[in-house]
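In what follows, a single structure is set out as structure tokens and then discussed.
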Amino acid sequence: MRRASPLSLWLINLVLIFVCAITLYPALWVVKLAFSEGQAISLSPSPLPDHFSFQHFIDLVGHVDSKGRWIFGRQLFSSLLVASTTTLIGLALAVSAAYALSRFRFPAREAGMQTLLITQMFPATLMLVPLYSLLQRLGLLNTRAGLVLVYATASLPFCVWMLKGYFDAMPKELEEAAMMDGASPLQVFWKVVLPLARPAIAVTGLFSFMTAWNEYILAATLLNDEALFTLPVALNRFVDEYKSEYGTFAAGALLVSIPVMALFYALQKHLVGGLTAGGVKG
Amino acid sequence: MNALLIALTFSAAQPLKVWHGYRGGEESALIEAAQRFTQETGTPVELLPVPYQTLASKLTSAIPHDAGPDVFIFAHERLRQFQRLGIVDRSTGRLEPRTYLPQSIDALTLDGETYGYPLAFKCVALYVNKKRVPKPPATTDELEALLPALSNPKERRFGLAYESGEPYYHAPILLGFGGALFDAQGRTTMNTPGMAKSLAWVLKLQERGFMPQEVSGALVLSLFNEGRAAMVVSGPWLAADIHKDIDYQVVPLPTVSETGLPLKPFLGVEAAFVSGRAEQPDIAHRFAKFLSLGAATQLRVEKGQQIPAELAAYETEAVKSNPLIAAFRAAAANAMPMPTTLEMARWWEPMKLTVRGVVQRTVTPEAAGAMGDRLYRALNRQSPPPTSPTPWLITLGVVLLGLFAYAFVDSRRGLPWRQRYPDTWRAVVYMAPAAIGIAVLVLIPFTVGISLSLFHYDAGTYTFVGWGNFIDILGSHDYSITEPLSFYFTLGVTILWTALNVALHVGIGLALAILLKEPLLKLRGVYRVLLIIPWAVPNYITALMWKGMFHRQFGAINGILELLGIEPVSWFTRFSTAFAANLATNTWLGFPFMMVVSLGALQSIPKDLYEAAEVDGASRWTQFRRITLPMLKPALLPSIILGTVWTFNMFNVIYLVSGGEPGGSTNILVTEAFRWAFERNEQYGFAAAYAVLIFVVLFIWSAFTKRLTTEKA
Amino acid sequence: MPAVELKNLRKSFGDNLIVKGVDLAVEPGEFLVMVGPSGCGKTTLLRLIAGLEQADAGDIFIEGSRVNDVAPRDRDVAMVFQSYALYPHLTVRENLAFSLTLRKASKASVDARVQEVAAMLELSELLERKPKALSGGQRQRVAMGRAIVRQPKVFLFDEPLSNLDTALRVQMRGELARLHQRMRTTMIYVTHDQVEAMTLATRVAVFNKGALQQLGAPLELYNRPANQFVAQFLGSPSMNVLDAQREGGMLRGEGFELSAPADLQSTGALRVGLRPQDLRVAEQGPLTGTVDAVERLGFDGFAFVRMNQALLAARFDGDQQVKVGDTVHLAPLGDALHVFTADGSSAVRAPPRSPGA
């Protein structure tokens, strides 16, 4: 590619800084609210707090319920547990399904792909009522397992689509070479396909994690025990019709965002290659 | 003796489950009261705090499935609905009516039976900043005389602030100006002189700069705390958050000088209800009653600052010495207990659209009433005529048979099965877990959802109506095609919304990706992380932030416009600007995904192609058009297809930023479906029909893109 | 017992019949090259032997046992892919050791074998690198090494040199030949490059449109092609073939007349073939035409001469003056005439030896 002249390099930097500023401004508002005193929204346009205070974080993290349980800790644990098992189960299901859809020839393969896309088309909120009865019948109401299953299946279509696209672009010869080298189908999958698909798996994993980590409507409906609540459900209490504690809400929002941001940062390298295949070739 | 023992061990093993929406002081009071109850009776109490906005739907879904609590605390306004669904138990005979304020008992009485035990009541009153208003106004004339001196919109100071777009807050004014909610037959009526006068009065105060626009509860608090609003209308819940430096008093709402009637707020009674399916009804009633009386009341007053419903409480020192309670009791004297009729539930949504239409100046106060009546008829649909489901079932059977037959015949044609599909068994093994999961947890609810669209739902009963819902929607029955509430208008908005969003996401994402590819760029990693932030932060949080940024008086965007010398914009009063606000928010949320996809896709383009183009003397633009774009297409297309489906159903942004304003015109199909299901009296069948139509539109679109992609291959 | 034997093998993809009933026996220790234009089914055939494709009909035997239903990993054959198919996430050492570790060989024996093969292929310095950090030739060698480590019954090569530049290709060709000399293992090699076929093979199998055209030693194929396709596929430039009619002792075609060889039995419509090497640009000759293009190679060269509709290639000596646009005569060099049936499907006569070569 043509190298940019110093002038255009400056220009590029300028544009990027400008876009970053726009990007950061609303996000900084969350930070501002979290570190301000009181629950009121500040009325000045500056994105920096007027009075600096950790009170919201202390309130939030120190919250203890009527039985003396450290509720924030339990909810954090609940969130982590739900999000990570969702990721694991979702990935396990998605990777194998995507591999089959990409590599095997079997009836109704195209129909399978279309079905996956179709499930994304029906508004999720309207499936809530039937889903509730279903989970109750399966004995999964008010359990993390039920929530995990719902999340895992909800994020499946995206994961399968992305992974299938990646597998499609992966040269088939590598698997054939492994077969020739004496690998069983399972060994081909474990030793060649999975390591090669690592970027895509990382990205789809991140996506499932985020879906489960951020979701609150289903969690608020399906869980009936405060200690099982995930953090977004807990946070949602701070903004309601009568009374909104925006400060505490923002502090919570910040805490909720941190793990996701950390994951994003850690997976940065994979993120770029993982959504589109191409890096595997050669 | 034995029986007692069994009862004791039983009750010790079985805690009483209680759900509530309390926070802060009210919650601590409840916790302590519950502990006392356990000490007295030996029955443990398990409290579950639920976000208030989800509490009602949680109760209505959980209790009929036997997954709910024994006791729950809720306002009385939904009592009729609860009673119809059988989720509340009668308290007649167990509660002594004379112990409580008569208004609170009235509120809990339906058809001669009482339900639940009244705890406290809530209504609005006038909070007055004493420093700025030494003598609170007793009449609207006095109020109007005070306001000019207290207001200066340029400095963002206002004499009065309240949530002027909310029916709950407009109701006192409507009633004070002689208006009514219902006619003599108990039907909602909007087109009354009182309605026009009350709206004209509000508009006058707003136009003269005495009141801010687009007011939320949070803004009311901020304005009062910063001394920017001299008077605000709010309920007892505000008191806990008022800054300690603010010297204030609470007084009943003033009287309307023109009519001599007081501004009459709604009275909401909070009660402890016993579930209709409680596992231990006796102990549950005992607990609910315990909460409403004596020591528990004391706790609720002292710790929770509640305005108690128990009469005896007013004799105690704690209540007598509390000016807030006294003030609200006085305010409650003028209040009207919120009716529990089904008609009441139908009143809210059209009323809200009417009030907002006036304060956003899309309709005049005089014309508003007629519009309200029309909206009422449109939003509270009559059931389409019921039909027999038999022909439907027969058709369904025939179609299924036909499909099986086709599959059978198809499998006999062409190559033998094993050759055509050599991997069937392996595929079954690999696909089974995902397929079963999707089939059970997605396809079953999906099928149920689809079949719901053939029913009309009204307060607990489903009637089969066949195509009825679809005919209503597609026939655009109650409004012309160009009106915001018609399907076609919303569809148009949705398509515009999707197309613009996807174009912006891809355009901006791709542009940034190309900039970030610049090999000499040093801070690439930093930029990349910063630009991904909108994707990483939960969107329900950032959507709220954006809404704040678009506020008429206090939003950052108008602040910047003013700095640039541009007239500030009332973003949510016109379709174009409200739509632009939604678009800006969603663009901000969505471009990082496309940027990341583009970055990856750009990487997969071989460098030598560019080198070849360079040698051929192609300009950068030509390189972009002739190499980058065509090479990106296969990599970007799946993401674009998915992105389109997501944007089409992007609920959070529309719901949280513009909320459909003005007048529901910026709603997209999915928010409209949600409103029919959850905000317009649970018209599940109609909402499901909307959902099916959404599905059909997307399905046609995906069939189209499928052809697009296969043509490539 | 043949190392590999194919009996009436058939394979189609969808409605496309790719392999149309092939019978073939590969002798132990043989270097068999399968050659043909792209799409002739040679790669499919190789993949059928490897077990990467399932045959629709027919049988495959490896060392006497039928392997149609045996998984690739149990056939004990190794394959080198055109794209090399090196595992990008593994180092060269791990790539080489992959098949051995799958077989649960002891670590010491794996290491020893990897060292040995790496030394053989001059890869010892590169063992810790990832494939990405290798040059094309090095990758090629790793791909071969990966096949060699296993000591399989049969090696399969799928156009392994086609991604290399000319110089490397010549070098690797030599190395392959030496490798075969040394190991004496059966090798089946697919290419579309006739030079590779001629130089490497002990026997060549020429394929066209899914059918085996001829099988034999390279020179035999060149000298006595079984049909017009084989005749034209081998040799460069490709053989000149003209329609002709036998009339008594003469073969007459459009604008030319040749005397029929004495041993030619066939009569009626035929086709005659002359390799460019056997056709000289001369003062006079039975064929006449205008020079269309000239390829000078130094010592000699080829002239492409238009005669009526046909374009004929003929050799000339380096010092001969041949210019585009000249009208020239072409003369066959001795008894060089190939004769085919009118449809080219089989040869009816070949010259006793190759006079031009």
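Each value in this text was obtained by applying a stated rule to the coordinates, not by laboratory testing. These numbers come from a predicted model, not from an experiment. Backbone-built Cβ (ideal geometry, glycine too); neighbour counts: all protein chains shown.
Side notes on the structure shown:
- The stretch between residue C:320 and residue C:199, if pulled fully straight at 0.36 nm per residue, gains 40.5 nm over its current Cα-Cα span.
- Remark: mean inter-chain Cβ contacts per residue of A:107-119 equal 5, using a 10 Å Cβ-Cβ cutoff to other protein chain atoms.
- GNM top mover of A:239, A:19, A:61 - chain A, alpha-carbon springs below 10 Å: A:19
- Pairs of Cα atoms nearer than 8 Å and 6+ residues apart set the relative contact order; for the stretch B:306-374 it is 20 percent.
- Remark: relative contact order (chain B) = 14 percent; criterion is Cα-Cα distance under 8 angstrom and separation of 6 or more residues.
- Two-decimal ratio, the stretch C:155-277, of alpha-carbon radius of gyration to 2.2 N^0.38 Å: 1.34
- Cα gyration tensor, the stretch A:190-239 - rounded (a/c under 1.5), prolate or oblate: prolate
- Shown for the stretch C:1-155 is the translational diffusion coefficient from the Stokes-Einstein equation, using the Kirkwood radius over Cα pairs, a temperature of 4 °C and a viscosity of 1.567 mPa s: 77 µm²/s.
- Unit Cα scatterers, Debye sum, the stretch C:123-207: log10 I(q)/I(0) for q = 0.11, 0.14, 0.20 Å⁻¹: -0.31, -0.50, -1.01
- Taking a Cβ cut-off of under 14 Å around residue A:269, the surrounding Lys, Arg, Asp and Glu residues balance to a net charge of +3, with basic ones at +1 and acidic ones at -1.
- Relative contact order %, chain C, counting alpha carbon pairs below 8 Å whose residues are six or more apart: 15 percent
- The alpha carbons of the stretch B:132-183 occupy a box of 42, 22, 13 Å along the principal axes, longest dimension given first.
- Set the Cα radius of gyration of chain C against 2.2 N^0.38 Å, with N its number of residues, and you get 1.17.
- Proximal lysines to residue C:20, defined as alpha-carbon separation beneath 23 angstrom and excluding residues fewer than eight positions away on the same chain: C:7, C:11, C:42, C:209
- In Å, descending, principal axis extents of the Cα set of chain B: 92, 76, 52
- Residue by residue, the stretch C:224-232 carries 3J(HN,Hα) couplings of 10, x, 6, 7, 4, 4, 4, 4, 7 Hz when phi is fed to the Karplus relation 6.51 cos²θ - 1.76 cosθ + 1.60 (θ = phi - 60°); x denotes Gly or Pro.
- Take B:139-145, B:247-253 and order them by the average number of nearby Cβ atoms within 10 Å per residue, most first; the result is B:247-253, B:139-145.
- Here the simple spin-label model places points 7 Å from the Cα toward Cβ, and for residue C:209 and residue B:341 these points are separated by 8.9 nm.
- Sorting B:466-473, B:46-53, B:383-390 by average packing, meaning the other beta carbons within 10 Å per residue, from highest down gives B:46-53, B:466-473, B:383-390.
- Largest first and in whole Å, the equivalent-ellipsoid semi-axes of the stretch C:237-349 read 25, 13, 12, each the square root of five times a Cα gyration tensor eigenvalue.
- Pairwise Cα distances in the stretch C:43-94 exceed 17 Å in 44 percent of cases.
- Judged by the mean number of other Cβ atoms found within 10 Å, the most tightly packed of the peptides B:279-288, B:262-271, A:197-206, C:245-254 leads the ranking B:262-271, A:197-206, B:279-288, C:245-254.
- For the stretch A:66-274, the C-alpha radius of gyration divided by 2.2 N^0.38 Å, with N the number of residues, is 1.17.
- Cα gyration tensor shape for the stretch B:651-707, rounded if a/c is under 1.5, else prolate or oblate: oblate
- Rounded if a/c under 1.5, otherwise prolate or oblate - the stretch B:390-474, Cα gyration tensor axes: oblate
- Dipole in debye (nearest 20) - the protein assembly as shown, about Cα centre, beta carbon charges: Lys, Arg +1; Asp, Glu -1: 1440 debye
- Principal axis box of the stretch B:489-680, alpha-carbon based, largest edge first, Å: 62, 40, 27
- Cα centroid separation, the stretch B:515-541 to the stretch C:236-262: 75 Å.
- Shielding by partners, peptide A:260-267 (average Cβ within 10 angstrom, other chains): 3
- Kirkwood hydrodynamic radius (C-alpha pairs) into Stokes-Einstein, the protein assembly as shown, 20 °C and 1.002 mPa s, D in µm²/s: 57 µm²/s
- With a cut-off of 15 Å between beta carbons, the residues surrounding residue B:493 carry a summed charge of -1, where Lys and Arg count +1 and Asp and Glu -1.
- Given +1 at the Cβ of Lys and Arg, -1 at the Cβ of Asp and Glu and no other charges, the dipole of the stretch A:66-274 around its Cα centre is 260 debye to the nearest 20.
- Under the simplified labelling scheme, the residue C:13-residue B:563 pair shows an inter-label distance of 6.2 nm, with each label point 7 Å from Cα along Cα→Cβ.
- Where both bridge residues fall in chain B, DSSP classifies roughly 70% of the beta bridges as antiparallel.
- Antiparallel DSSP beta bridges within the protein assembly as shown, percent to nearest 5: 75 percent
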